[in-house]
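Presented below is the structure to which this report refers.
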Amino acid sequence: MFRKVGSKVNFPQIEQDILRFWKEHGISNKSIEARRGNQHYVFYEGPPTANGSPGIHHVLSRLFKDIICRYKTMKGYHVPRKAGWDTHGLPVELEVESSLGFSNKAQIEQYGVAQFNQKCRESVFNYIKEWEVMTERIGYWLDMKHPYITLDNGYIKSCWWIVKKLWDKGLIYQGYKVTPHCPRCGTSLSSHEVALGYRDDAEDPSVYIKFRIIPDTLIAWRRLLNIDIDKPAYFLAWTTTPWTLPGNTALAVAPQAEYAVAEVDGEYLILASTLLEQVGLGPCRVVGSVKGRDLLGARYEPLFNPHKYSVGREHFPLIIEAGIRKTWSEPRGGLTYPVIDTDFVSLEEGTGIVHIAPAFGEVDFDAGVDRGLDFVQSVDLEGKVTGTYPFSDKFVKDADPLILDDLKSRGLLYRSERIIHTYPFCWRCETPLLYYAKKAWYIRTTAVKDRLISGNAEINWYPSHIKYGRFGDWLENNVDWAFSRERYWGTPLNIWCCSSCGNY
Ligand SMILES: [Zn+2]
Ligand SMILES: [Zn+2]
């Protein structure tokens, strides 16, 4: 006998009936228990955050997870289905901050971190009922009665165990990471927050700076560049952030581009040939031209030698040993900086020669890591210039005109204008953001890069182009993982620092 099938089918009703049958007879659990003792198959349930309502995209990802587990169960594996909830992170903090009317970290500390975290703890399961209903309704077999929860001390203990294992293997170190930083709020902003604060009417200086080439370099290149070595020669670079110039430690060129040697008032200026006109050097005498790659290996004088202004000079890789930043003394024969080639030099604007300050920009920082450049951090977290420069203690934007005056007095300012362009501001307080290299704890994932790549080669990817595409690229270009955050509501790091000697 079978139940009669009507000509009008109500699919939602059929689904409800099946769900009820599954629930009444504990089918989900039976499918797992019946295979106990068989080979184990572990599925890591990437936990969703339950402080917001589930969306349609969650349905899709939950179905994928369910299908894999069902398939493996049907193949005879024992597949437990442990649910998980991600309860930590900035989204939770932001929601609590706005409910308390806070706009910066200082207010959280005034309020009390313990109390703030208590509010976070209370808010994380606001929508758990909706999640449970959705999960059950779409037929996702998941043990939601015994979930793992990231705020549980048991879970945190597992994280600590992992960190300790990595520490013992020498895979954890303290270094720097470049983040968009608000000098007023005293915090890094996420890319989402940065996107909230772009202004396309920001007015800034637009300046062309001369970097004096070391005469020794010129002797070797006299013939190539067709110049008289008794006359001074400069690389010309453009910037809208003069305050980053004391942090300059390299200049970048495009290796394939053509660079002109222009003679102006008894001195030479080197810049991309296609930009001569735009920079205002169209009518001047061009005595020679070379490819960008021919400029590699040239060295130039620092605009502001950090050793003369009591600012530390560090080298990449920037590793903080026992809490102490390793700085270097001035090399014998004086400090000089290199010309490097990169793939991000624009030939649309500027001079085709890019000023690199690894302390103040993400691509600059990456270039510093790649090329082992020097690192000079001449600004503090409040956005004030450090050291003993004539413009020290000033907020960076107030230091801009003083820096330009200083360069002008030394004949190193070629041209100075104002520009209206797009620049990110803090969405909370409208302070201009600074891209800033901050201390962060890293996991040395690059130490196991080869194993990650060979492991990926054995994975069956759907869709297959991800394997050597997005994911493969990511592994090929793997950089160490900065896993610490400057926030309150998260897994505390099990690293203790001695306040008197700085040892860990
Ligand atoms: Zn701010
Ligand atoms: Zn100590």
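Annotations for the structure displayed:
- Subset of the range 305-325 (residues that are touching a Leu at 6+ places or on another chain (Cβ under 7 Å) and at pLDDT 90 or above): Asn305, His307
- Considering (1) open to solvent by 50 Å² or more (accessible area, probe 1.4 Å); (2) not in a loop (DSSP other than H, G, I, E, B), the lone condition that Arg35 does not fulfil carries the number (2).
- Output for the range 395-437, where each listed residue is basic (Lys, Arg) and either open to solvent by less than 60 Å² (accessible area, probe 1.4 Å) or farther than 23 Å from Asp201 by Cα (or both): Lys397, Lys408, Arg410, Arg428
- Identity of the residue in the range 478-504, farther than 18 Å from Trp160 by Cβ and among the small types (Gly, Ala, Ser), that ends up farthest from ligand 1 (Cβ to nearest atom): Ser500
- Residues located in the range 122-154, provided they are touching a residue at least 60 places away in the same chain (Cβ under 8 Å) and assigned to a helix (DSSP H, G or I): Ser123, Ile128, Glu130, Trp131, Met134, Thr135, Glu136, Arg137
- Which listed residue, of Ala220, Ala260, Ala195, is closer than 30 Å to Cys426 by Cβ and of a type in the set (Gly, Ala, Ser): Ala195
Residues checked against (1) in the same structural domain as Phe365 (by TED's automatic domain parsing); (2) at pLDDT below 90; (3) within 16 Å of ligand 2 (Cβ to nearest atom):
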{"site": "Leu452", "(1), (2), (3)": "no, no, no"}
{"site": "Asn456", "(1), (2), (3)": "no, no, no"}
{"site": "Trp461", "(1), (2), (3)": "no, no, no"}
{"site": "Phe471", "(1), (2), (3)": "no, no, no"}
{"site": "Asn477", "(1), (2), (3)": "no, yes, no"}
{"site": "Glu486", "(1), (2), (3)": "no, yes, no"}
{"site": "Trp489", "(1), (2), (3)": "no, no, no"}
{"site": "Gly502", "(1), (2), (3)": "no, yes, yes"}
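- If the condition is being open to solvent by less than 100 Å² (accessible area, probe 1.4 Å) and within 24 Å of Ile67 (Cβ to Cβ), then the range 459-476 contributes Ile459, Trp461, Pro463, Ser464, Ile466, Lys467, Gly469, Phe471.
Here's the yes/no breakdown for (1) within 16 Å of ligand 2 (Cβ to nearest atom); (2) touching a residue at least 12 places away in the same chain (Cβ under 8 Å); (3) farther than 25 Å from Asp366 by Cβ:
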position: Cys185; (1), (2), (3): no, yes, yes
position: Ser188; (1), (2), (3): no, yes, no
position: Asp200; (1), (2), (3): no, yes, yes
position: Lys210; (1), (2), (3): no, yes, yes
position: Arg223; (1), (2), (3): no, no, yes
position: Ala237; (1), (2), (3): no, yes, no
position: Asn248; (1), (2), (3): no, yes, no
position: Asp265; (1), (2), (3): no, no, yes
position: Leu281; (1), (2), (3): no, yes, yes
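- Scanning the range 164-180 turns up one or more residues that are under 30 Å from Asp398 (Cβ atoms), in contact (Cβ under 8 Å) with a residue 60 or more places away in the chain and within 16 Å of ligand 1 (Cβ to nearest atom).
- Only listed residue being on the phi < 0 side of the Ramachandran plot and either over 45 Å from the mean Cα position of the chain (by Cα) or open to solvent by 100 Å² or more (accessible area, probe 1.4 Å) (or both), chosen from Phe43, Phe64: Phe64
- Residue, nearest to the chain's Cα centre (by Cα), within the range 82-113, restricted to residues that are without any contact (Cβ under 8 Å) to a residue 12 or more places away in the chain and either surrounded by 14 or more Cβ atoms within 10 Å (Cβ to Cβ) or within 16 Å of ligand 1 (Cβ to nearest atom) (or both): Leu94
- Of all residues in the range 359-381, those being under 12 Å from Ala437 (Cα atoms), in contact (Cβ under 8 Å) with a residue 40 or more places away in the chain and part of a loop (DSSP other than H, G, I, E, B) number 5.
- Among the residues of the range 426-477, the one identified as within 16 Å of ligand 1 (Cβ to nearest atom) and among the polar types (S, T, N, Q) is Thr431.
- Looking only at the range 284-318, and only at residues there that are small (Gly, Ala, Ser) and part of a strand (DSSP E or B), the one that is farthest from Val264 (Cα to Cα): Ser289
- Residue match in the range 489-497 (condition: among the polar types (S, T, N, Q) and under 30 Å from Ala233 (Cβ atoms)): no
- Cβ-Cβ under 9 Å pairs, at least 6 apart or on other chains, the range 493-504 side open to solvent by 50 Å² or more (accessible area, probe 1.4 Å), far side near ligand 2 (Cβ under 6 Å from one of its atoms): Cys497/Asn503; Tyr504/Cys498
The values are calculated or read from the model by the stated rules, or taken from the named source; none is laboratory data. Worth saying up front: this structure is predicted, and the values here are computed from it rather than measured. Positions of Cβ are generated from backbone atoms using ideal geometry, with glycine treated the same way; all protein chains shown enter the neighbour counts. Only protein heavy atoms, including side chains, enter the accessible area calculation; ligands, DNA and RNA are left aside. Shrake-Rupley method; radii C 1.70, N 1.55, O 1.52, S 1.80 Å.
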